[in-house]
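Contents: one structure, followed by commentary.
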Amino acid sequence: MQREKMLIRGIVSLLILDILLDSELYGYAIRKKLLEEIKEPIPNGYIYVILKHLERKNCVRSRLKKINKRIVRVYTITEDGKRLLFEHKNSLEKMIIISRKILNNIEKHR
């Protein structure tokens, strides 16, 4: 179970970095985009735990910004974050190939 949690956290981390490639966003907007992508419920605090982790690793940077008369923390991907995301490209492509193979085999044996 611990390994599965680490895998999911890693995938969500990469997805957050991917989302931030397009623009800086605040936590709620990141969560909303994640929900659109994975179509699974995500605990509210979970995103912020991952964002803090990414910030400690210098993969994202945050700053306070006024949006609609409210002060919110917005997140931006850093060069280290881009590098980390791009370094995972080959692994992600391999994972897609392996996943397809497994899914095809499951369908074959149903």
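The values are calculated or read from the model by the stated rules, or taken from the named source; none is laboratory data. In this text the structure is predicted, and so the values were computed from the model without any measurement. Don't worry about glycine lacking a Cβ; one is built from the backbone with ideal geometry, like all the others, and counts go over all protein chains shown.
Does VAL49 meet the test of being surrounded by 15 or more Cβ atoms within 10 Å (Cβ to Cβ), in a helix (DSSP H, G or I) and at pLDDT below 95? So VAL49 fails the test. Selection of the stretch 68-110 for residues being in contact (Cβ under 8 Å) with a residue 24 or more places away in the chain and aromatic (Phe, Trp, Tyr) yields only TYR75.
Only a single criterion out of (1) surrounded by fewer than 14 Cβ atoms within 10 Å (Cβ to Cβ); (2) over 12 Å from the mean Cα position of the chain (by Cα); (3) not β-branched (Val, Ile, Thr) is not satisfied by GLU24, namely (1).
Scanning the stretch 52-110 for residues that are polar (S, T, N, Q) and assigned to a helix (DSSP H, G or I) yields ASN90, SER91, SER99, ASN104, ASN105. Taking the stretch 54-75 as the range and being of a type outside the set (Lys, Arg) and either exposed (fewer than 14 other Cβ atoms within 10 Å of the Cβ) or farther than 20 Å from TYR26 by Cβ (or both) as the test, the residues that pass are ASN58, LEU64, ILE67, ASN68, ILE71.
If the condition is being of a type in the set (Gly, Ala, Ser) and surrounded by 13 or more Cβ atoms within 10 Å (Cβ to Cβ), then the stretch 76-100 contributes only GLY81.
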